[in-house]
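Structure, as structure tokens:
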Amino acid sequence: MGRNAGQISAELMITVSAMVLLLLVMSIVNGTLQSTWNGQKERLEASTAANQVALAINRAVAGGGGTQIKFNNYVGGGIMNITIAPPRAVSAVTWNNISSSTPIITNNTNITGGILMNQEIVVRNDGGVITIAAG
């Protein structure tokens, strides 16, 4: 009888060890997947921020002189800045230094520094020169 109790104890230890090992592997996989997902999420946020500004600039250029495009440039908390990147692109960068660029159809802008975020802005075509100001 003493032998059976010891046998059950050994089987229990093997089962518990296998379960702990499985839990550890699941935890590692979960951490890796979460890290990958967060990177993809930030890349999408940067892409969305760059796309909406580039769209407004391209619409103002296509509209000709005097065209005004007014929109709320809401980008969320993950975006650090949005700038015009040479030669002709809008670039958005996250706090974790993930960036995305979207091309624009002109390089005739007087936009310097960062583009205003999380507020209403106006993109104007003043005789072929694109400007961005607070709305």
Quick one: is Val90 of a type in the set (Val, Ile, Thr) and modelled with pLDDT of 90 or more? yes
If you take just the strands (runs of 3 or more DSSP E) that sit entirely in region 33-135, which of them hold at least 3 residues that are surrounded by fewer than 20 Cβ atoms within 10 Å (Cβ to Cβ)? 68-72, 79-85, 99-103, 120-126, 129-134
With in contact with a Lys or Arg (Cβ under 9 Å, 6 or more places away or on another chain), of a type outside the set (Gly, Ala, Ser) and either more than 20 Å from Gly113 (Cβ to Cβ) or free of Cβ contacts under 8 Å to residues at least 12 places away in the same chain (or both) as the only criterion, which of Thr67, Thr32 stands out? Thr67
When region 25-83 is examined, which residues are found to be over 19 Å from Gly135 (Cβ atoms), small (Gly, Ala, Ser) and touching a strand residue (DSSP E or B) at 6+ places or on another chain (Cβ under 6 Å)? Ala46, Ser47, Ala50, Gly65, Gly78
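Here's the yes/no breakdown for (1) within 30 Å of Arg124 (Cα to Cα); (2) in contact with a Gly (Cβ under 7 Å, 6 or more places away or on another chain):
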| site | (1), (2) |
| --- | --- |
| Ser9 | no, no |
| Leu21 | no, no |
| Ser27 | no, no |
| Ala46 | yes, no |
| Asn58 | yes, no |
| Gly65 | yes, yes |
| Met80 | yes, no |
Cross-chain or 6+ apart pairs with Cβ under 6 Å, region 93-118 first and closer than 15 Å to Gly76 by Cβ and in contact (Cβ under 8 Å) with a residue 40 or more places away in the chain, then in a loop (DSSP other than H, G, I, E, B) and of a type in the set (A, V, I, L, M, F, W, C): Met117/Val75
Report yes if Gly76 is under 25 Å from Asn38 (Cα atoms) and either in contact with a helix residue (DSSP H, G or I) (Cβ under 9 Å, 6 or more places away or on another chain) or in contact (Cβ under 8 Å) with a residue 12 or more places away in the chain (or both), otherwise no. yes
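The values are calculated or read from the model by the stated rules, or taken from the named source; none is laboratory data. Just so it is clear, the structure is predicted and the values come from calculations on it, not from any experiment. All Cβ positions, glycine included, derive from the backbone under ideal geometry; neighbour counts span all protein chains shown.
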